[in-house]
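Before any comments, here is the structure.
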Amino acid sequence: MRTKPVLLVIAHGSRDPRHAATVHALVRRVRSLRPGLRVETGFLDFTIPSVHGVLESLAAEGVRDVVALPLLLTRAFHAKADIPAVLRDAPPRLRIRQAEVLGPSPLLLSALERRLYEAGLTPADRSSTGVVLASAGSSDPEAIAVIARLARDWQRTGWCAVRPAFASASLPRTEDAVPELRELGCARVAVAPYVLAPGFLPDRIARGAAEADVLAEVLGPAPEVARVLLERYDAARTPALAAVGA
(Lines give C-alpha, C1' and ligand atoms only; values in the text may rest on other atoms or scores of the structure.)
Protein backbone atom coordinates (compact mmCIF):
# COMPACT_ATOMS: atom_id res chain seq x y z
CA MET A 1 0.00 0.00 0.00
CA ARG A 2 1.30 3.42 -0.92
CA THR A 3 2.39 5.50 2.08
CA LYS A 4 0.45 8.68 2.71
CA PRO A 5 2.47 11.88 2.48
CA VAL A 6 3.54 13.31 5.81
CA LEU A 7 1.61 16.44 6.75
CA LEU A 8 4.02 19.19 7.82
CA VAL A 9 2.18 22.03 9.52
CA ILE A 10 4.19 25.25 9.13
CA ALA A 11 3.54 27.84 11.81
CA HIS A 12 4.98 31.33 12.00
CA GLY A 13 6.42 31.01 15.49
CA SER A 14 6.52 33.52 18.33
CA ARG A 15 8.49 34.44 21.43
CA ASP A 16 5.22 34.01 23.31
CA PRO A 17 5.06 30.41 24.59
CA ARG A 18 1.27 30.42 24.27
CA HIS A 19 1.68 30.43 20.50
CA ALA A 20 3.55 27.13 20.25
CA ALA A 21 1.33 25.52 22.90
CA THR A 22 -1.77 26.40 20.85
CA VAL A 23 -0.23 25.17 17.60
CA HIS A 24 0.65 21.85 19.23
CA ALA A 25 -2.87 21.54 20.63
CA LEU A 26 -4.29 22.06 17.15
CA VAL A 27 -1.96 19.46 15.68
CA ARG A 28 -3.02 16.97 18.37
CA ARG A 29 -6.64 17.51 17.34
CA VAL A 30 -5.73 16.90 13.69
CA ARG A 31 -4.05 13.63 14.67
CA SER A 32 -7.11 12.59 16.66
CA LEU A 33 -9.34 13.16 13.63
CA ARG A 34 -7.11 11.05 11.37
CA PRO A 35 -5.10 8.58 13.47
CA GLY A 36 -3.31 7.00 10.51
CA LEU A 37 -1.79 10.25 9.31
CA ARG A 38 1.68 11.35 10.39
CA VAL A 39 1.61 15.03 11.28
CA GLU A 40 4.74 17.05 12.08
CA THR A 41 5.12 20.70 13.08
CA GLY A 42 7.80 23.20 12.06
CA PHE A 43 8.19 26.91 12.81
CA LEU A 44 9.50 29.67 10.57
CA ASP A 45 10.98 31.70 13.41
CA PHE A 46 11.55 31.96 17.18
CA THR A 47 10.48 28.40 18.00
CA ILE A 48 11.96 24.95 17.46
CA PRO A 49 11.83 22.71 15.61
CA SER A 50 12.48 24.81 12.53
CA VAL A 51 10.86 23.90 9.23
CA HIS A 52 14.29 23.20 7.74
CA GLY A 53 15.21 20.96 10.66
CA VAL A 54 12.03 18.91 10.34
CA LEU A 55 12.56 18.48 6.59
CA GLU A 56 16.14 17.34 7.15
CA SER A 57 14.97 14.80 9.74
CA LEU A 58 12.23 13.46 7.46
CA ALA A 59 14.68 13.05 4.59
CA ALA A 60 17.15 11.25 6.88
CA GLU A 61 14.37 8.81 7.85
CA GLY A 62 13.73 7.99 4.22
CA VAL A 63 10.45 9.88 3.89
CA ARG A 64 9.70 10.70 0.28
CA ASP A 65 6.42 12.66 0.13
CA VAL A 66 5.45 15.69 2.21
CA VAL A 67 2.49 18.05 2.13
CA ALA A 68 3.56 21.40 3.60
CA LEU A 69 0.59 23.27 5.00
CA PRO A 70 0.96 26.96 5.95
CA LEU A 71 -0.84 27.60 9.22
CA LEU A 72 -2.08 30.92 7.89
CA LEU A 73 -5.54 32.38 7.37
CA THR A 74 -4.74 34.45 4.26
CA ARG A 75 -2.32 34.34 1.34
CA ALA A 76 0.08 37.10 2.28
CA PHE A 77 3.87 37.43 2.30
CA HIS A 78 4.63 34.32 4.35
CA ALA A 79 2.58 32.07 2.09
CA LYS A 80 3.79 33.68 -1.13
CA ALA A 81 7.49 34.15 -0.35
CA ASP A 82 8.84 32.89 2.98
CA ILE A 83 7.43 29.39 2.92
CA PRO A 84 8.20 28.63 -0.75
CA ALA A 85 11.78 29.80 -0.14
CA VAL A 86 12.19 27.44 2.82
CA LEU A 87 10.71 24.54 0.87
CA ARG A 88 12.99 25.14 -2.11
CA ASP A 89 15.92 24.68 0.27
CA ALA A 90 14.67 21.28 1.41
CA PRO A 91 16.65 18.06 0.81
CA PRO A 92 16.28 17.15 -2.87
CA ARG A 93 15.06 13.62 -2.15
CA LEU A 94 11.81 15.04 -0.74
CA ARG A 95 8.83 15.64 -2.99
CA ILE A 96 6.96 18.52 -1.37
CA ARG A 97 3.56 19.91 -2.24
CA GLN A 98 2.55 23.21 -0.65
CA ALA A 99 -1.09 23.20 0.41
CA GLU A 100 -3.31 26.26 0.31
CA VAL A 101 -3.69 28.49 3.36
CA LEU A 102 -6.65 27.82 5.62
CA GLY A 103 -8.89 30.73 4.67
CA PRO A 104 -11.36 31.50 3.48
CA SER A 105 -13.57 28.58 4.50
CA PRO A 106 -17.13 28.21 5.82
CA LEU A 107 -15.66 26.05 8.56
CA LEU A 108 -13.65 29.00 9.83
CA LEU A 109 -16.83 31.05 10.11
CA SER A 110 -18.28 28.19 12.13
CA ALA A 111 -15.21 28.28 14.36
CA LEU A 112 -15.59 32.04 14.88
CA GLU A 113 -19.20 31.54 15.91
CA ARG A 114 -18.22 28.70 18.23
CA ARG A 115 -15.85 31.06 20.03
CA LEU A 116 -18.50 33.79 20.27
CA TYR A 117 -21.02 31.39 21.76
CA GLU A 118 -18.41 30.09 24.18
CA ALA A 119 -17.88 33.71 25.25
CA GLY A 120 -21.53 34.07 26.20
CA LEU A 121 -23.54 34.94 23.09
CA THR A 122 -26.42 32.80 21.87
CA PRO A 123 -27.95 32.38 18.39
CA ALA A 124 -30.83 34.57 19.57
CA ASP A 125 -28.37 37.46 19.99
CA ARG A 126 -27.33 37.55 16.33
CA SER A 127 -29.72 40.17 14.99
CA SER A 128 -28.91 42.64 17.78
CA THR A 129 -25.14 42.07 17.95
CA GLY A 130 -22.45 43.77 15.91
CA VAL A 131 -19.24 41.84 15.42
CA VAL A 132 -15.73 43.13 14.90
CA LEU A 133 -13.85 40.62 12.75
CA ALA A 134 -10.39 41.36 14.11
CA SER A 135 -7.44 40.00 12.17
CA ALA A 136 -3.70 40.45 12.51
CA GLY A 137 -3.51 42.70 9.46
CA SER A 138 -1.33 42.72 6.36
CA SER A 139 0.16 45.07 3.80
CA ASP A 140 -0.94 42.64 1.08
CA PRO A 141 -4.08 43.94 -0.72
CA GLU A 142 -5.21 40.40 -1.52
CA ALA A 143 -5.21 39.45 2.16
CA ILE A 144 -7.09 42.61 3.16
CA ALA A 145 -9.70 42.00 0.44
CA VAL A 146 -10.27 38.47 1.74
CA ILE A 147 -10.97 39.75 5.25
CA ALA A 148 -13.35 42.42 3.95
CA ARG A 149 -15.23 39.85 1.87
CA LEU A 150 -15.41 37.49 4.83
CA ALA A 151 -16.97 40.25 6.95
CA ARG A 152 -19.60 40.93 4.28
CA ASP A 153 -20.42 37.24 3.92
CA TRP A 154 -20.68 36.78 7.67
CA GLN A 155 -23.02 39.73 8.07
CA ARG A 156 -25.41 38.10 5.59
CA THR A 157 -25.90 35.21 8.03
CA GLY A 158 -27.96 37.39 10.37
CA TRP A 159 -25.66 39.50 12.55
CA CYS A 160 -26.64 43.13 13.10
CA ALA A 161 -23.42 44.17 11.36
CA VAL A 162 -19.89 42.85 10.89
CA ARG A 163 -16.90 45.12 10.45
CA PRO A 164 -13.28 44.10 9.75
CA ALA A 165 -10.47 45.47 11.88
CA PHE A 166 -6.71 44.95 11.90
CA ALA A 167 -4.06 44.82 14.60
CA SER A 168 -1.27 46.03 12.28
CA ALA A 169 -0.46 47.36 8.81
CA SER A 170 -4.07 48.29 7.94
CA LEU A 171 -6.98 50.26 9.33
CA PRO A 172 -9.37 50.40 11.11
CA ARG A 173 -8.21 49.15 14.50
CA THR A 174 -10.47 47.14 16.79
CA GLU A 175 -10.93 50.13 19.12
CA ASP A 176 -12.23 52.16 16.16
CA ALA A 177 -14.64 49.50 14.90
CA VAL A 178 -16.32 48.97 18.28
CA PRO A 179 -17.85 52.50 18.55
CA GLU A 180 -18.73 52.42 14.84
CA LEU A 181 -20.95 49.39 15.45
CA ARG A 182 -22.60 51.12 18.41
CA GLU A 183 -23.33 54.14 16.22
CA LEU A 184 -25.00 51.81 13.73
CA GLY A 185 -27.48 50.84 16.44
CA CYS A 186 -26.19 47.42 17.46
CA ALA A 187 -27.39 46.67 21.00
CA ARG A 188 -24.15 44.88 21.87
CA VAL A 189 -20.72 44.58 20.28
CA ALA A 190 -18.58 41.45 20.18
CA VAL A 191 -14.99 41.10 19.04
CA ALA A 192 -14.09 37.89 17.22
CA PRO A 193 -10.31 37.49 16.79
CA TYR A 194 -9.62 35.95 13.39
CA VAL A 195 -6.27 34.64 14.53
CA LEU A 196 -5.05 31.14 15.24
CA ALA A 197 -2.94 31.50 18.36
CA PRO A 198 -2.17 33.97 21.15
CA GLY A 199 0.70 36.41 20.83
CA PHE A 200 1.62 40.07 20.43
CA LEU A 201 -1.02 41.03 17.84
CA PRO A 202 -3.88 39.05 19.44
CA ASP A 203 -3.04 40.83 22.70
CA ARG A 204 -3.34 44.14 20.84
CA ILE A 205 -6.77 43.04 19.58
CA ALA A 206 -7.80 42.24 23.16
CA ARG A 207 -6.74 45.69 24.36
CA GLY A 208 -8.73 47.25 21.53
CA ALA A 209 -11.79 45.30 22.66
CA ALA A 210 -11.87 46.99 26.07
CA GLU A 211 -15.15 48.79 25.29
CA ALA A 212 -16.81 45.77 23.67
CA ASP A 213 -19.41 43.65 25.47
CA VAL A 214 -17.91 40.32 24.42
CA LEU A 215 -14.39 39.22 23.50
CA ALA A 216 -14.04 35.75 22.04
CA GLU A 217 -10.98 33.56 22.29
CA VAL A 218 -8.62 32.95 19.35
CA LEU A 219 -9.55 30.13 16.99
CA GLY A 220 -6.86 27.83 18.37
CA PRO A 221 -7.59 24.09 18.29
CA ALA A 222 -11.27 24.44 17.41
CA PRO A 223 -12.46 21.23 15.70
CA GLU A 224 -13.52 23.21 12.63
CA VAL A 225 -9.98 24.51 12.20
CA ALA A 226 -8.59 20.98 12.40
CA ARG A 227 -11.05 19.88 9.71
CA VAL A 228 -9.89 22.70 7.43
CA LEU A 229 -6.29 21.49 7.83
CA LEU A 230 -7.31 18.03 6.70
CA GLU A 231 -9.30 19.44 3.76
CA ARG A 232 -6.25 21.38 2.59
CA TYR A 233 -4.04 18.32 3.04
CA ASP A 234 -6.38 16.13 0.99
CA ALA A 235 -6.58 18.72 -1.80
CA ALA A 236 -2.79 19.03 -1.96
CA ARG A 237 -2.38 15.27 -2.32
CA THR A 238 -4.09 15.30 -5.71
CA PRO A 239 -1.83 15.06 -8.79
CA ALA A 240 -3.16 18.38 -10.04
CA LEU A 241 -0.93 20.22 -7.59
CA ALA A 242 2.64 20.44 -8.79
CA ALA A 243 5.42 19.48 -6.43
CA VAL A 244 7.50 22.37 -5.12
CA GLY A 245 10.69 22.63 -7.11
CA ALA A 246 9.59 20.08 -9.69
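The values are calculated or read from the model by the stated rules, or taken from the named source; none is laboratory data. Just so you know, these numbers come straight off a predicted model, no measurement behind them. Counting neighbours? That spans all protein chains shown, and the Cβs are built from the backbone with ideal geometry, glycine included. For the accessible areas, the whole protein counts, side chains as well, though only heavy atoms, and no ligand, DNA or RNA atoms are used. Shrake-Rupley method; radii C 1.70, N 1.55, O 1.52, S 1.80 Å.
Overview of results
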read-out	value
Exposure ranking of ARG75, ARG232, ARG15 by accessible area [1.4 Å probe, largest first]	ARG15, ARG75, ARG232
Sum of side-chain charges, VAL131 neighbourhood, beta-carbon under 14 Å (Lys, Arg +1; Asp, Glu -1)	+3
Globularity index of the stretch 165-246, i.e. its alpha-carbon radius of gyration over 2.2 N^0.38 Å	1.50
Mean Cα-pair separation over length for the stretch 135-178, i.e. relative contact order, pairs under 8 Å, 6 or more apart, %	41 percent
FRET efficiency estimate (nearest 0.05) - Cβ-Cβ, ALA148 to SER110, R0 22 angstrom	0.65
SER50 paired with LEU171, simple spin-label distance in nm, labels 7 Å along Cα-to-beta-carbon	3.9 nm
Largest to smallest accessible area among CYS160, CYS186 [probe 1.4 Å]	CYS160, CYS186
Between helix 223-236 and the chain: long-axis angle, C-alpha atoms, 0 to 90°, nearest 10	40 degrees
Rounded accessible area of ILE83 (nearest 10 Å², 1.4 Å probe)	0 Å²
Isotropically averaged projected area of the stretch 123-206, using the convex hull of Cα atoms (one quarter of hull area), nm²	5.2 nm²
Computed accessible area, ARG204, all protein chains, 1.4 angstrom probe, square angstrom	80 Å²
Amide H within-cut-off set for LEU69, under 5 Å, with H built and near neighbours excluded	LEU8, VAL9, ILE10, ALA99
Fraction of accessible area attributable to carbon and sulfur, the stretch 33-126 (%, probe 1.4 Å)	54 percent
Karplus-derived 3J(HN,Hα), 6.51/-1.76/1.60, for each residue of the stretch 7-19, Hz, glycine and proline x	8, 9, 7, 9, 9, 5, x, 7, 6, 7, x, 5, 4
